[in-house]
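The structure appears right after this line, and notes come after that.
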Amino acid sequence: MGNVEARVRDVCTVLFVIAVVFGIRLFLPDVPDTAENKLKSWNEYKQVIQHTVSEAWKNHSLGTTKNGEPIESVAVEHFSRSLKIVITSFILALTLGIRKGIFDFRKRKPYQKLVGEGLTSFLSALPDFFVILCLQWIILFYMPFISWFGHEEWYSFLLPSALVALYPLLYLAKVTTSALNEESDQVFVAVARSKGLIEKIVTYKHILRNSMIQIISHLPSMMVYVLSNLLIVEWLTEYKGAAYRLFKTVDKKNVMTKLSGADVERNIETGMILEIALGFMMLYFITILVSKFLLRIVSPFYTTTMLVKDVTRQMIIIIPAMAGVSLFLLYII
């Protein structure tokens, strides 16, 4: 029930932000009209929507880049690069985060907590920008013989993946430790210990197995951490993936073009922004579905009927959410 409430809260937050932006435009129409910051009128906004839908329907494309390349091919090329980072970092964060959480849970003595929960809390408190710069500095000075930066080499995604995985790993470690602490007070754990089982078996076979339900429910939040760190990592490592391309596309210095048959200007690569943004939304949606299927595997109380209902509910949510984000982006770019 808590997961459903969290998802509904996320959707309501997105809709609220969109409503606030549109409300400001409705009730405060006299925003300073400058070359750098010009909001569309409602008529211009309508023309942009009509042109975008018409172009997608007739040409089966959202246009071309400023270099004349089809937006779809460029978006797929850059997104496939970022996908390697996203998948690798997610798997790293998932496996190592659970291991770190178990380690923190088992190290209960005061001096052991320094490298357990203490280290996890300390690293979580540091700004990710600072940690990434420090790691880059270490790599540049102590491993200069390896070409870590850029995207040309087959292994170029490994360093960005490790950097992106750091904070999701720490987040999941905290979640795992908290879940293990909650389960450790249950009666079945006391029964297992009374039978003379060693602590390692009690932890892995009994406590961790029952904690997986809570851990799996946090996978969508972990994906949000991964995607939120993607831009800064790709930018600092010169890895030209989807987040890097999106950052370059939204630059105000990008080429503006007039719509055919209308006196409205828009970013020539608006289609690129839409496709990459919706691609990131799909990754989040897929993570939610994966978490539901994993929950069906680990929980005997989560039935197939409940799974079908949750998947259907997510489908109903994601379609209007993607439409709302598309309309929002067409308004502000």
Checklist entry - Among the residues of the stretch 92-109, is there at least one that is modelled with pLDDT under 85, over 24 Å from S156 (Cβ atoms) and either polar (S, T, N, Q) or in contact with a Lys or Arg (Cβ under 7 Å, 6 or more places away or on another chain) (or both)? => result yes
Next on the checklist: Among the residues of the stretch 178-188, are any touching a His at 6+ places or on another chain (Cβ under 9 Å), free of Cβ contacts under 8 Å to residues at least 40 places away in the same chain and either over 30 Å from T303 (Cα atoms) or acidic (D, E) (or both)?
Outcome noted: yes
Checklist outcome for this item: Within the stretch 227-240, residues surrounded by 23 or more Cβ atoms within 10 Å (Cβ to Cβ) and under 16 Å from the mean Cα position of the chain (by Cα) come out as N229, L230, V233, E234
Item to check | Tally, over the stretch 42-51, of residues that are surrounded by 14 or more Cβ atoms within 10 Å (Cβ to Cβ) and either closer than 29 Å to Y155 by Cβ or among the aromatic types (F, W, Y) (or both) | outcome: 1
Item to check | Filter pass, Y171 being within 18 Å of I98 (Cβ to Cβ), out of contact with any Pro (no Cβ under 6 Å at 6 or more places or on another chain) and either free of Cβ contacts under 8 Å to residues at least 60 places away in the same chain or not in a loop (DSSP other than H, G, I, E, B) (or both) | outcome: yes
Checklist outcome for this item: Note on T270: of the conditions (1) at pLDDT 90 or above; (2) out of contact with any Gly (no Cβ under 7 Å at 6 or more places or on another chain), unmet is (1)
Checklist entry - Is it the case that some residue within the stretch 35-47 is touching a Lys or Arg at 6+ places or on another chain (Cβ under 9 Å), at pLDDT 85 or above and at negative phi? => result no
Next on the checklist: Looking at the structure I just gave you, is A243 aliphatic (A, V, I, L, M), part of a helix (DSSP H, G or I), at pLDDT 90 or above and open to solvent by less than 30 Å² (accessible area, probe 1.4 Å)?
Outcome noted: yes
Next on the checklist: Against the condition of a type in the set (G, A, S), without any contact (Cβ under 8 Å) to a residue 60 or more places away in the chain and open to solvent by 50 Å² or more (accessible area, probe 1.4 Å), how does S54 come out, does it pass?
Outcome noted: no
Next on the checklist: Quick check on L133: is it open to solvent by 40 Å² or more (accessible area, probe 1.4 Å) and at pLDDT below 80?
Outcome noted: yes
Next on the checklist: Taking the conditions exactly as written (open to solvent by 60 Å² or more (accessible area, probe 1.4 Å) and of a type in the set (G, A, S)), does A125 satisfy them or not?
Outcome noted: yes
Item to check | Check on E117, closer than 24 Å to V224 by Cβ, in contact (Cβ under 8 Å) with a residue 24 or more places away in the chain and open to solvent by 70 Å² or more (accessible area, probe 1.4 Å) | outcome: no
Checklist entry - Within the stretch 186-223, how many residues are in a helix (DSSP H, G or I) and crowded, with 16+ Cβ neighbours inside 10 Å? => result 19
Checklist entry - Name the pairs whose Cβ atoms lie under 8 Å apart, with the first residue in the stretch 306-328 and touching a residue at least 12 places away in the same chain (Cβ under 8 Å) and part of a helix (DSSP H, G or I), the second open to solvent by 40 Å² or more (accessible area, probe 1.4 Å) and charged (D, E, K, R), and 6 or more positions between them or separate chains? => result L307/R296
Checklist entry - Applying the selection to the stretch 67-106, what residues are surrounded by fewer than 17 Cβ atoms within 10 Å (Cβ to Cβ) and more than 30 Å from E55 (Cβ to Cβ)? => result I87, I91, T95, R99, R106
Next on the checklist: The conditions are (1) modelled with pLDDT of 85 or more; (2) crowded, with 21+ Cβ neighbours inside 10 Å, and S178 fails exactly one of them. Which is it?
Outcome noted: (2)
Checklist entry - How many of the residues making up the stretch 93-135 are closer than 26 Å to M223 by Cβ and not in a helix (DSSP H, G or I)? => result 3
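The values are calculated or read from the model by the stated rules, or taken from the named source; none is laboratory data. Please read these numbers as outputs of a predicted model, since none were measured by experiment. Every residue, glycine as well, gets a Cβ built from its backbone with ideal geometry; the counts of neighbours run over all protein chains shown. SASA here: full protein model, heavy atoms, side chains in, ligands and nucleic acids out. Shrake-Rupley method; radii C 1.70, N 1.55, O 1.52, S 1.80 Å.
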